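Nothing in this text is a laboratory measurement; each read-out follows from the coordinates by a stated rule. Keep in mind it's a predicted model, so treat the numbers as computed, not measured. Cβ atoms come from the backbone with ideal geometry, glycine included; neighbour counts cover every protein chain shown.
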Amino acid sequence: MPLVPEYQAMLEALAAEPGPPITAMTPEEARALYRMMRPLNDGLVVGEVLERGIPGPSGEVPLRIYRPQSAGPHPVLLYLHGGGWVIGDLDTADAACRDLCATAGCLVASVDYRLAPEHRFPAAVDDCYAALEWVAGNGDELGGNGRLAVTGESAGGNLAAVLCLKARDEGGPRIDFQLLLYPVVDDDLSRPSYDENATGYILETDTMRWFWDHYCPDPASRNHPYSTPLKAADHSGLPPALVMTAEFDPLRDEGNLYAETLAAAGTQAEVICYDGLLHDFFATAQQFKASRAAFETACAALRKALA
């Protein structure tokens, strides 16, 4: 189907004021642009927002913790922001985390993991796993009820999938559910969705190449399942998964395939591919009706999985 009208209008407005592509920017310039695209929205009310640091493999890892307004304890959702492992931070994730906290009724812990190219693979994985271990081990302090899920958008979806693999492999914390939002799970840029949506739909194929070259420039490292979880030898014994993808997204095919691969290995997995939507649709969940429906579905899945 065609793009939903809301997104068509948004793309036309962006085309009327063209700027340089991310691939022509420095990482610092791209980070500034992304902050403009995903601003803070403290009008989304939650019960409490706390900033704290936790011990990490190379120093303190900042967390931003969102507590619901209702009395706890609550299930805990570890949120990993998107941005190709190069851009994004606690502020670009703030609106989505507030909305998840309020709508899904979860205590949300957002992770400010180290970014590439200053800190390449596996730095982000190591920071996120430290955060996973901390939230799992500090449930009483957080106000958690013992139920734990992981989620992330795009590169954050990659990291969420990787945490599930790593926790299984290393006997780590129990994860009850993984919500993977248009995740990066492979470095193969030759799938049909990369050709069909190469340009013009927010995330472009060249941008994904730029992200990979910053995050994981060593070709051998891209065969590691903790960089490309689709390449894991075994996808059994993982938490139940909901994978959400979009029709007009270069990442569509790999996300759909990852859900199919999980299911084939005996892991409970569902995929929903949203016709008419494009990458990063959680960013417009407060503005666009089409995005809101997908967001509400994700929150319903979290409530059910963590009940």
Seminar exercise, completed: Expressed in nanometres to one decimal, the distance between label points 7 Å along Cα→Cβ at Asp213 and Asp169 is 2.7
Seminar exercise, completed: Which of (1) 50, 44, 37; (2) 91, 37, 31; (3) 78, 36, 35 is the computed Cα extents along the principal axes in Å? It is (1)
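Taking Cα pairs under 8 Å and at least six residues apart, what relative contact order does the chain come out at, in percent?
Over the chain, the number comes to 18 percent.
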Exercise. When ranked by the protection proxy of mean other Cβ atoms within 10 Å per residue, highest first, what sequence do the peptides 11-21, 57-67, 263-273 form?
Worked result: 57-67, 263-273, 11-21
Seminar exercise, completed: Which residues qualify? For Ala269, with a placed amide H closer than 5 Å and at least 5 residues away or on another chain, they are Ala241
Exercise. Separation of the range 32-56 and the range 238-304 by C-alpha centroid, Å?
Worked result: 23
Seminar exercise, completed: The answer for trypsin sites (Lys or Arg not before Pro) in the range 156-211 that fall in a DSSP coil and have at most 14 neighbouring Cβ atoms within 10 Å is Arg174
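Determine the relative contact order of the range 1-136: mean sequence separation of Cα pairs under 8 Å and six or more apart, normalised by residue count, in whole percent. Intermediate results must be reported in sequence, preceding the final value.
On the way: 192 pairs, mean separation 34.4, N = 136.
About 25 percent, as a whole number.
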For this session: Please list the equivalent ellipsoid semi-axes of the range 83-213, computed as the square roots of five times the alpha-carbon gyration tensor eigenvalues, in descending order and whole angstrom.
Result: 27, 16, 14
